[in-house]
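This report refers to the structure that appears directly beneath it.
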Amino acid sequence: MRITFCCTGTKAQPWLEGLRAALPDATVEEWAPGAPQADHAVVWAPPQAMMDEQPGLKGIFNIGAGVDALMRLQLPARAAVVRLDDAGMSVQMAEYVCHAVIRHFREFASYDARQLDAKWAFNKQLQRADFPVGIMGMGVLGERVARALRQFDYPVNGWSRSAKAVDGVRGFAGDAQFDDFLAASRILVCLLPLTPDTVDIMRRETLSKLRPGGYVINVARGGHLVDADLIALIDSGHLAGATLDVFRTEPLPEDHPFWSHPRITVTPHTSARTVRDESIAQIVGKILAMERGEPVAGVVRTDRGY
Ligand SMILES: NC(=O)c1ccc[n+]([C@@H]2O[C@H](COP(=O)([O-])OP(=O)(O)OC[C@H]3O[C@@H](n4cnc5c(N)ncnc54)[C@H](OP(=O)(O)O)[C@@H]3O)[C@@H](O)[C@H]2O)c1
């Protein structure tokens, strides 16, 4: 069996070593133009040329949960595209989103500022019930985030394409219930895949439907958010602010207004990083299952883009 590895912006050597150790009978090599046909590919944002040269791939294993970069390519017709299922990412996402929600709700930024002046002063106590959190995307990551927020007794709303029953979470599904979901939420968390249906989903028209004092947490993809609309709604006072981890252009350009906006917190696409060893173990397990003809979890439905 031959495995080709083609991950843009990723140090290849530790992955190659891990894959070779776990698949001692396979040939595992980094892809280069002209490389021999492989059975499976392990990829992150590969070039079109790689797909064009590997028409016989059986499996394409993405080393992340989001497959939007892959869906923009022409892929070998018979290859199954397989995403990572959690693999250590959902606990990080729960941590990141809970931190952002709690930091906002408990107004920790104002205490940080006061410490600089050695000023001892409390803010008025706020009510959790006034800060319902709406999670767009109740998949592997969204559901874990919802459960974590429920541990802190925040009211949680979840919106997905199909109806979901998650303990303690008020479920909304499909386009028909989207406006009700927005109107019921004050803090909006985006955990959707980026697809033609979800691009620009956070724009003036939709964000205006959040409760006054709304707050946006985008941990999915930059393409979900219309940057100028967010800034306008914060500056007009309808939204209180945002925590953003993902951007239309990454790295976020130095002159982008998000960097200096006093109500926007920026992090460099770090909310849930791929955990290498766990990911290698999961991918190897799936490759071996596929070779045995067994079903594999996390196969992407290319017709819907996630
Ligand atoms: N910032 C980071 O570091 C980072 C790390 C990992 C992932 N991500 C992002 O997080 C995204 C979600 O990951 P995941 O593993 O949770 O994905 P997932 O398991 O595929 O879940 C996607 C969820 O979105 C819902 N959805 C998709 N299209 C929809 C639509 N048009 N309307 C309503 N709901 C829709 C799905 O509904 P159904 O349940 O009905 O199918 C599902 O609940 C990834 O695609 C990636 O972009 C970011």
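The values are calculated or read from the model by the stated rules, or taken from the named source; none is laboratory data. Computed from a predicted structure; not experimentally measured. Note: ideal-geometry Cβ built from the backbone for every residue, glycine included; neighbour counts use all protein chains shown. In case anyone asks, the SASA skips ligands and DNA or RNA and just uses the protein heavy atoms, side chains included. Shrake-Rupley method; radii C 1.70, N 1.55, O 1.52, S 1.80 Å.
Points worth noting:
- Selected residue (criterion: least open to solvent (accessible area, probe 1.4 Å)) from residues of the stretch 130-178 that are farther than 16 Å from S90 by Cβ and of a type in the set (S, T, N, Q): N157
- Each residue in the stretch 225-263 was checked for being within 16 Å of the ligand (Cβ to nearest atom) and outside any helix (DSSP H, G or I), and 12 of them qualify.
- Test: residue in the stretch 112-119 that is within 18 Å of H269 (Cβ to Cβ) and either over 28 Å from the mean Cα position of the chain (by Cα) or open to solvent by 30 Å² or more (accessible area, probe 1.4 Å) (or both): no
- Scan of the stretch 180-208 for residues that are basic (K, R) and open to solvent by 70 Å² or more (accessible area, probe 1.4 Å), ordered by number: R203, R204
- Filter pass, P33 being surrounded by fewer than 18 Cβ atoms within 10 Å (Cβ to Cβ) and in contact with a Lys or Arg (Cβ under 9 Å, 6 or more places away or on another chain): no
- Tally, over the stretch 36-63, of residues that are small (G, A, S), surrounded by fewer than 21 Cβ atoms within 10 Å (Cβ to Cβ) and out of contact with any Ser or Thr (no Cβ under 6 Å at 6 or more places or on another chain): 2
- Check on F108, under 21 Å from I201 (Cα atoms) and surrounded by fewer than 18 Cβ atoms within 10 Å (Cβ to Cβ): no
- Segments classed as strands (runs of 3 or more DSSP E), wholly inside the stretch 144-198, with at least 3 members that are within 7 Å of the ligand (Cβ to nearest atom): none
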